[in-house]
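Data first, discussion second: the structure below is written as structure tokens.
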Amino acid sequence: MPRTPSRPETLRESQRHAPPPQLDGRLRVAIEGVTPEVDCGRFPIKRVVGEMVRVEADVFADGHDHVACRILYWQDARSESRSVPMKPLGNDRWRGEFRVMNLGRYHYTIEGWVDRFDTWRDDLIKRIAAAQEVQVELLIGAQLIEAAAARAEGDDADKLRAWARRLRAAKDNESAQALVRNDDLSSIVARHPERDLISRYQRDLGVVVDREKARFSTWYELFPRSCSPEAGRHGTFRDCEARLSYVASMGFDVLYLPPIHPIGRTFRKGRNNSIAAGPDDVGSPWAIGSTEGGHTSIHPALGTLRDFRRFLTKARDHGLEVALDIAFQGSPDHPYTRDHREWFQMRPDGTIQYAENPPKKYQDIYPLDFETADWRALWTELRSVVAFWIDQGVRIFRVDNPHTKPFAFWEWMIGDIKTAHPDVLFLAEAFTRPRVMYRLAKLGFSQSYTYFTWRNTKEELTAYFTELTQTSVREYFRPHLWPATPDILPEVLQTGGRPAFMSRLILAATLGTSYGIYGPAFELCENVPFQAGSEEYMYSEKYELKQRDLAAPWSLKDFIARINRIRKENPALQSDSELRFHEIDNPSLICYSKATADRSNVILIIVNIDHLRTQAGWTQLDLAALGLDATHLFQAHDLLGDGTYMWQGPRNYVELTPESLPAHILTVQRWVRTERDFDSYV
């Protein structure tokens with residue numbers, strides 16, 4: 001007779017339906033909708049030293065009990081966490097904030113709990129108002145206060161015990177109500193809450209804290225090889241030292257140098273990007289590497305490493321910090337092509353694949369192959385390049401085309417560098433798709449180039465900068481605005497002449513807190529393209545030495561100096577968080593403002609974006625954004641034209657002529673009228 005198979009063992013009913021052992025079912029507070037939080041906490045937000053981190057969240061519990069919550073924050077695993085209470089905004093939304101005071105990485109999260117004391121207090125007040133008997137409720141309250149006293153020390157403990165005794169001794173509702181309505185009692189109890197059953201947000205969120213230049217900086221790009229006072233001679237770092245006072249006089253604080261390394265000769269590009277270079281053609285600085293060395297070497301014609309370190313010191317003496325270009329690629333002559341051919345992509349004919357962006361070809365540049373089997377050694381080598389220049393004294397790097405290298409590499413490299421050197425900043429030169437640009441920012445780049453270069457109409461500028469400054473993008477993406485670069489001569493500058501250079505400078509310097517120009521090409525209004533429809537310069541400095549007349553009468557150097565002085569003197573222009581656009585009834589005029597949080601400094605900017613004609617219009621100002629009201633006159637003083645206007649209400653007339661004054665940069669403040677002012681105004 002066959003055996004009956006045994007039935008599988010089953011769990012007892014109580015075991016099958018028991019809660020998971022890690023779940024504490026007594027925790028009743030839910031925490032959700034936390035801001036700021038980037039990609040569910042995958043990436044940190046960004047701040048600079050001294051800034052606030054404002055945190056909001058939905059915090060609530062089942063039933064009618066009141067809840068309380070706080071922000072916990074700490075800098076690293078070794079530091080003790082601190083806390084700040086969150087305050088209710090209504091509809092279960094809470095807000096709190098903390099200030100970050102040190103470079104590096106902070107962490108924060110939220111804790112919430114049922115506030116039994118505040119629940120009891122609110123219920124007791126309602127019972128007393130209804131003339132109910134509350135003796136038992138008073139004893140419950142006394143117990144809650146005594147429990148808080150046990151958690152407190154010193155004066156707080158003494159005061160709480162005294163309040164508990166008075167509550168137990170209360171004989172009537174009136175005296176009890178006077179006790180529980182005491183704000184001091186509530187605040188002291190709140191300092192020592194019961195947190196036995198505390199809910200914690202499921203994620204610890206991050207904050208990368210940089211120095212101030214990550215938020216507010218003014219860059220000047222300069223080719224050192226064009227700094228020679230003699231036509232046709234290659235410039236040196238000593239020649240560049242003579243240019244420092246000129247750059248500093250215009251109010252810049254970062255001097256950015258394109259690659260300063262040896263340049264390859266194989267497939268060197270000639271004048272105007274010609275594929276046939278002559279014997280005297282200097283080639284593109286981005287074709288890095290020759291027999292003289294690679295990414296940690298200096299072009300012999302510029303000087304020595306000692307000369308470079310001296311140049312850094314001289315720049316600092318002029319208030320300038322030097323930013324260095326990092327371009328992870330090599331010329332056909334780079335030592336990597338000899339010692340590490342496995343780091344490059346090989347073509348079927350046995351040659352190395354050169355760089356292409358069809359139809360453009362860059363035969364003088366070999367991109368690195370980040371899919372090489374030897375990728376770990378490649379990563380380590382590239383990190384050592386950055387570390388080398390940090391050792392020389394460089395703390396800012398402009399990274400060329402980071403979007404053509406793996407995301408994982410940048411997250412590792414920047415994170416590793418900033419762990420050791422939290423003051424180092426990285427600017428991403430990534431003119432690419434929005435999501436790619438944003439991803440690079442999330443991965444660690446301190447700042448990024450933007451689409452400003454091609455945003456020209458009022459609608460384009462308004463939509464773009466609203467996205468950058470008024471959405472979650474602002475938590476991790478710091479825009480860096482360039483009206484032009486050595487690679488890009490936009491059409492607006494080709495056709496708009498000197499007024500276009502002026503208005504685009506004003507837009508860059510006031511819409512953004514960080515901006516840069518490519519000089520001296522920009523201040524000298526160089527705007528001749530290589531050919532119609534091209535954004536390349538005729539006789540581009542990327543391929544030849546340039547000598548310019550810095551004292552040319554059409555130079556914008558004094559105008560630039562004034563703009564930069566306005567930026568430094570007005571804190572409102574040093575932050576993007578309060579950027580607001582205002583209506584104006586002419587599509588050729590754009591109107592926007594910036595303000596400090598306390599409205600002690602308010603700047604209103606109106607720009608004529610028609611570079612050929614005078615334009616006029618009527619504003620419709622958002623007075624609340626300016627800290628004004630419609631019942632008072634306010635003074636608008638023009639920091640560019642030095643005129644002062646008395647305005648009232650949102651509607652005011654503006655007229656701008658591009659050749660003379662393409663914009664108003666107005667300080668706005670309520671007019672406090674004195675008798676003398678009234679007489680002069682009348």
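The values are calculated or read from the model by the stated rules, or taken from the named source; none is laboratory data. Since the structure is predicted, the reported quantities are computational estimates derived from the model, not experimental observations. As a convention, Cβ positions derive from the backbone with ideal geometry for all residues, glycine included, and neighbour counts pool all protein chains shown. Side chains included, ligands, DNA and RNA excluded: accessible areas come from the protein's heavy atoms. Shrake-Rupley method; radii C 1.70, N 1.55, O 1.52, S 1.80 Å.
So for the stretch 259-269 (the condition being within 13 Å of TYR543 (Cβ to Cβ), of a type in the set (Lys, Arg) and outside any helix (DSSP H, G or I)), does at least one residue qualify? Yes, some residue in the stretch 259-269 is within 13 Å of TYR543 (Cβ to Cβ), of a type in the set (Lys, Arg) and outside any helix (DSSP H, G or I). As a summary of the residue check, THR466 satisfies the conditions (1) open to solvent by 10 Å² or more (accessible area, probe 1.4 Å); (2) of a type in the set (Val, Ile, Thr); (3) farther than 21 Å from ALA572 by Cα except for the one numbered (3).
For the stretch 331-443, please list each of the helices (runs of 4 or more DSSP H) lying entirely inside it that holds at least 2 residues being open to solvent by less than 10 Å² (accessible area, probe 1.4 Å).
375-392, 407-420, 434-443
May I ask you to verify whether ASP325 is of a type outside the set (Ser, Thr, Tyr), touching a Pro at 6+ places or on another chain (Cβ under 6 Å), open to solvent by less than 40 Å² (accessible area, probe 1.4 Å) and within 26 Å of LEU524 (Cβ to Cβ)? Here the answer is yes, as ASP325 does meet what is asked. What pairs come out if I take residues in the stretch 303-324 that are among the basic types (Lys, Arg) and pair them with residues that are not in a helix (DSSP H, G or I) whose C-beta lies under 9 Å away, six or more apart or interchain? Close Cβ pairs satisfying both conditions: ARG309/GLY393; ARG310/GLY303; LYS314/LEU320; ARG316/VAL322; ARG316/GLY393. When the stretch 209-255 is examined, which residues are found to be surrounded by 20 or more Cβ atoms within 10 Å (Cβ to Cβ), assigned to a helix (DSSP H, G or I) and under 21 Å from the mean Cα position of the chain (by Cα)? Hits for the stretch 209-255 are LYS213, ALA214. Scanning the stretch 536-557 turns up at least one residue that is within 30 Å of PRO279 (Cα to Cα) and assigned to a strand (DSSP E or B). Within the bounds of the stretch 447-456, is there any residue that is crowded, with 18+ Cβ neighbours inside 10 Å, among the basic types (Lys, Arg) and out of contact with any helix residue (DSSP H, G or I) (no Cβ under 6 Å at 6 or more places or on another chain)? For the stretch 447-456, residues crowded, with 18+ Cβ neighbours inside 10 Å, among the basic types (Lys, Arg) and out of contact with any helix residue (DSSP H, G or I) (no Cβ under 6 Å at 6 or more places or on another chain): absent. Confirm whether ARG191 is surrounded by fewer than 18 Cβ atoms within 10 Å (Cβ to Cβ), under 20 Å from ALA68 (Cβ atoms) and of a type in the set (D, E, K, R). So ARG191 passes the test.
Looking at the stretch 133-149, can you tell me whether even one residue there is open to solvent by less than 80 Å² (accessible area, probe 1.4 Å), outside any helix (DSSP H, G or I) and in contact with a helix residue (DSSP H, G or I) (Cβ under 9 Å, 6 or more places away or on another chain)? Yes, because at least one residue in the stretch 133-149 is open to solvent by less than 80 Å² (accessible area, probe 1.4 Å), outside any helix (DSSP H, G or I) and in contact with a helix residue (DSSP H, G or I) (Cβ under 9 Å, 6 or more places away or on another chain).
Of all residues in the stretch 542-600, those satisfying the criterion of being small (Gly, Ala, Ser) and closer than 30 Å to MET52 by Cβ are ALA572, SER575, SER577, SER593, ALA595, ALA597, SER600.
Give the stretch 404-440 a look and list any residue that's under 16 Å from ALA323 (Cα atoms) and among the small types (Gly, Ala, Ser), or say none. Matches in the stretch 404-440: ALA428 only.
Scan the stretch 567-624 for residues that are in a strand (DSSP E or B) and within 22 Å of GLU475 (Cα to Cα) and jot them down. Passing the criteria: ARG580, PHE581, TYR592, SER593, LYS594, ALA595. Of the residues making up the stretch 84-102, one or more are under 25 Å from the mean Cα position of the chain (by Cα) and free of Cβ contacts under 8 Å to residues at least 24 places away in the same chain.
How many residues, within the stretch 128-157, are acidic (Asp, Glu) and under 24 Å from GLU174 (Cα atoms)? Going through the stretch 128-157 one residue at a time, the tally reaches 3. The residues in the stretch 155-176 that are part of a helix (DSSP H, G or I) and open to solvent by less than 50 Å² (accessible area, probe 1.4 Å) can be counted, and the count is 10. Just wondering, is there one or more residues in the stretch 123-130 that are among the basic types (Lys, Arg), under 30 Å from LEU425 (Cα atoms), surrounded by fewer than 19 Cβ atoms within 10 Å (Cβ to Cβ) and without any contact (Cβ under 8 Å) to a residue 12 or more places away in the chain? No: the stretch 123-130 contains no residue that is among the basic types (Lys, Arg), under 30 Å from LEU425 (Cα atoms), surrounded by fewer than 19 Cβ atoms within 10 Å (Cβ to Cβ) and without any contact (Cβ under 8 Å) to a residue 12 or more places away in the chain. Do we have any residue at all in the stretch 663-671 that's within 26 Å of GLY50 (Cβ to Cβ) and open to solvent by less than 30 Å² (accessible area, probe 1.4 Å)? Yes, the conditions are met somewhere in the stretch 663-671. ILE275 - would you say it is open to solvent by 60 Å² or more (accessible area, probe 1.4 Å) and either polar (S, T, N, Q) or not in a strand (DSSP E or B) (or both)? Yes: the conditions hold for ILE275. If only residues of the stretch 517-540 that are touching a helix residue (DSSP H, G or I) at 6+ places or on another chain (Cβ under 6 Å) and surrounded by fewer than 22 Cβ atoms within 10 Å (Cβ to Cβ) are counted, the one that is nearest to GLY497 (Cα to Cα) is CYS525.
Which ones in the stretch 635-651 are at pLDDT 95 or above and either farther than 20 Å from PRO571 by Cα or in contact with a helix residue (DSSP H, G or I) (Cβ under 6 Å, 6 or more places away or on another chain) (or both)? The answer is LEU639, PRO650, ARG651.
Residue count for the stretch 156-186, restricted to those that are modelled with pLDDT of 90 or more and of a type outside the set (D, E, K, R): 4. Regarding TRP482, is this residue open to solvent by 20 Å² or more (accessible area, probe 1.4 Å), among the aromatic types (Phe, Trp, Tyr) and in contact (Cβ under 8 Å) with a residue 12 or more places away in the chain? No: the conditions fail for TRP482. Taking first residues from the stretch 550-563 that are under 18 Å from GLY497 (Cβ atoms) and partners that are part of a helix (DSSP H, G or I) and of a type in the set (D, E, K, R), the Cβ contacts under 7 Å between residues at least 6 apart in sequence or on separate chains come to TRP554/ARG498.
Take the residues in the stretch 41-55 that are within 29 Å of SER187 (Cβ to Cβ) and not charged (D, E, K, R); name whichever of them is most open to solvent (accessible area, probe 1.4 Å). Taking the candidates together, the pick is MET52.
Any residue that is crowded, with 22+ Cβ neighbours inside 10 Å and in a loop (DSSP other than H, G, I, E, B) - is there at least one of those in the stretch 302-310? Yes.
Table: residues versus (1) within 21 Å of PHE252 (Cα to Cα); (2) among the β-branched types (Val, Ile, Thr).
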site	(1), (2)
LEU545	no, no
LEU556	yes, no
PHE559	yes, no
ARG562	yes, no
ALA572	yes, no
CYS591	no, no
ASN601	no, no
THR614	no, yes
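Criterion applied to PHE465, PHE452, PHE477 was being under 24 Å from ARG580 (Cβ atoms), at pLDDT 95 or above and in a loop (DSSP other than H, G, I, E, B), and the one residue passing it is PHE477.
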